[in-house]
Amino acid sequence: MGNAQSLEGGPPARAFHESAVVEDKMFVWGGGTSLDGPYRSRLDLFSVNILTEEWSSHKAHVRSPETPPPCWDAAATCTGNTIYTHGGIISWSPYRLSDELYKLMVEEMRWRRVTTRGTKPAGRRGAAMCSVDGKVLLMGGSTGIGQHSNELFEFDPQTSCWFPVTHTGNQQLVCGSNSNNSLLYPVPVYPPINSSFPSTLHIAAPSLLPGFVSLVITLLHLISSTINL
């Protein structure tokens, strides 16, 4: 991966940052640190090799219209070798939330702002985001101060189209895996046509998601297998 530099000891401690796993590396960016002062966020990008625990810093974060702004509490996931991130707090005074979608092409270490079609999700922070079968799912989050959402959206990278997914108040959640099944993520599930779900993976979920997904796993049986939606 180009423009990577070894980083002894890892990045500064931070909170409300974004992260995503691609193959054997976890990428971390955004959020804030105790060195930044109140309500200031970061633009830097790091990765850690999960196998060797070695950190690297990257130069992919150069301020441009194609690069996500410094922000807090955005959502992120990956599909293949591409990381997607949506939303986040981009200003505290005045309080502003991003409604933009960006992608990091890991092989090139280059950010791109995604021009999308369809019904775009409103700006939000703290949403749950996951990829399933090449599609990106976005659920919940906070759309304003004291305003929480249980909306569910799907994004298709092939068509660059967002669309809302209608679901009932008694929605279910299921755990989804990344591309090599080495990690599990909580992922909201909706019932697509001609699809069924393994009953052993159903777990309880709240009707509203105030900034994070709080899950109680009642039964989980997923060993070296993918979820077939």
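The values are calculated or read from the model by the stated rules, or taken from the named source; none is laboratory data. Keep in mind the model is a prediction, meaning the values are calculated, not measured. Cβ atoms come from the backbone with ideal geometry, glycine included; neighbour counts cover every protein chain shown. Side chains included, ligands, DNA and RNA excluded: accessible areas come from the protein's heavy atoms. Shrake-Rupley method; radii C 1.70, N 1.55, O 1.52, S 1.80 Å.
Mind counting the residues in region 129-141 that are open to solvent by 10 Å² or more (accessible area, probe 1.4 Å) and within 18 Å of residue 71 (Cβ to Cβ)? Full working, then the answer.
We begin by selecting, within region 129-141, every residue open to solvent by 10 Å² or more (accessible area, probe 1.4 Å); these are 129, 131-135.
Subset that is within 18 Å of residue 71 (Cβ to Cβ): 129.
So the answer is 1.
Please identify the pairs in which a residue from region 67-94 that is within 10 Å of residue 41 (Cα to Cα) and of a type in the set (Ser, Thr, Tyr) has its Cβ atom under 8 Å from the Cβ atom of a residue that is crowded, with 23+ Cβ neighbours inside 10 Å and modelled with pLDDT of 95 or more, counting only partners at least 6 apart or on another chain.
Matching pairs, first to second residue: none at all.
Residues being modelled with pLDDT of 95 or more, farther than 15 Å from residue 145 by Cα and in a loop (DSSP other than H, G, I, E, B): count how many of those fall in region 75-109.
Number satisfying all stated conditions: 2.
Among the candidates 85, 79, single out the residue that is open to solvent by less than 50 Å² (accessible area, probe 1.4 Å), touching a Phe, Trp or Tyr at 6+ places or on another chain (Cβ under 6 Å) and among the β-branched types (Val, Ile, Thr).
85
Name the pairs: first residue in region 1-15 and more than 15 Å from residue 109 (Cα to Cα) and part of a loop (DSSP other than H, G, I, E, B), second residue modelled with pLDDT of 75 or more and of a type in the set (A, V, I, L, M), Cβ to Cβ under 8 Å, at least 6 apart or on different chains?
Listed by first residue and then by second, the contacts come to 10/48; 11/28.
Could you list, in sequence order, the residues of region 7-60 that are among the hydroxyl-bearing types (Ser, Thr, Tyr), at pLDDT below 90 and open to solvent by 50 Å² or more (accessible area, probe 1.4 Å)?
Within region 7-60, 34, 39 meet the criteria.
Has region 48-69 got any residue that is within 22 Å of residue 142 (Cα to Cα) and of a type in the set (A, V, I, L, M, F, W, C)?
Going through region 48-69, the residues within 22 Å of residue 142 (Cα to Cα) turn out to be 68-69.
So of that shortlist, the ones also of a type in the set (A, V, I, L, M, F, W, C) come out as none.
There is no residue in region 48-69 that is within 22 Å of residue 142 (Cα to Cα) and of a type in the set (A, V, I, L, M, F, W, C).
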